[in-house]
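Enquirer: Before anything else, here's the structure in question.
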Amino acid sequence: MMMKIENELKKGNFLIGECTKCKKIIWPLSQYCSNCFEDISWRKASDIGKLIEYSEKNGNIFCLVEFENTIRVIGTLIVKNKQQSHIGQQVKLEKFEFNNGNFNFTVSLINDV
Ligand SMILES: [Zn+2]
């Protein structure tokens, strides 16, 4: 089961787990629910998130993004207009990568004009 999930992640599919009993969102990979130790069912996560924080370093913009109102991940933010404040705005997941145990998220701003 875990191998199957890992393979999906490696293919670029952002999956999240949900406990079959208490409905707790499980991230990252885990065999059992950390709350009640029940089995987890896996599904594709929403590709829409919320920008919590971001900072620019050497031309790259790193960000903290929240998905499913629960999971917070570090990612790279693609921004066209840097003049605006973007905190709290919606972002779209452009690319998800899973390599050697590392997750890489690339997101872009929705309504970036
Ligand atoms: Zn549970």
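Computed from the coordinates by the stated procedures, all read-outs in this text should not be read as laboratory data. Small disclaimer: the values here were computed from a predicted structure and weren't measured.
Enquirer: Can you bin the chain into rounded, prolate or oblate? Criterion: square roots of the alpha carbon gyration tensor eigenvalues sorted a ≥ b ≥ c, rounded for a/c under 1.5, prolate for a/b above b/c, oblate for the rest. Before the final figure, lay out each step's value.
Expert: Values: a/c = 2.62, a/b = 1.90, b/c = 1.38.
Prolate.
Enquirer: Determine which aspartates and glutamates satisfy two conditions relative to K24: a Cα distance under 18 Å, and not lying fewer than 8 residues away in the same chain.
Expert: Result set, ordered by chain and number: E38, D39, E66, E68.
Enquirer: Quick one: which residues, 5+ away or cross-chain, put their amide H under 5 Å from the amide H of I78? H built at 1.01 Å from N.
Expert: V107, S108, L109
Enquirer: Between region 69-113 and region 25-67, what is the separation of their alpha carbon centroids in Å?
Expert: 11 Å
Enquirer: Determine the percent antiparallel among the DSSP beta bridges restricted to the chain, to the nearest 5.
Expert: Working: 32 of 36 bridges.
About 90 percent, rounded to the nearest 5.
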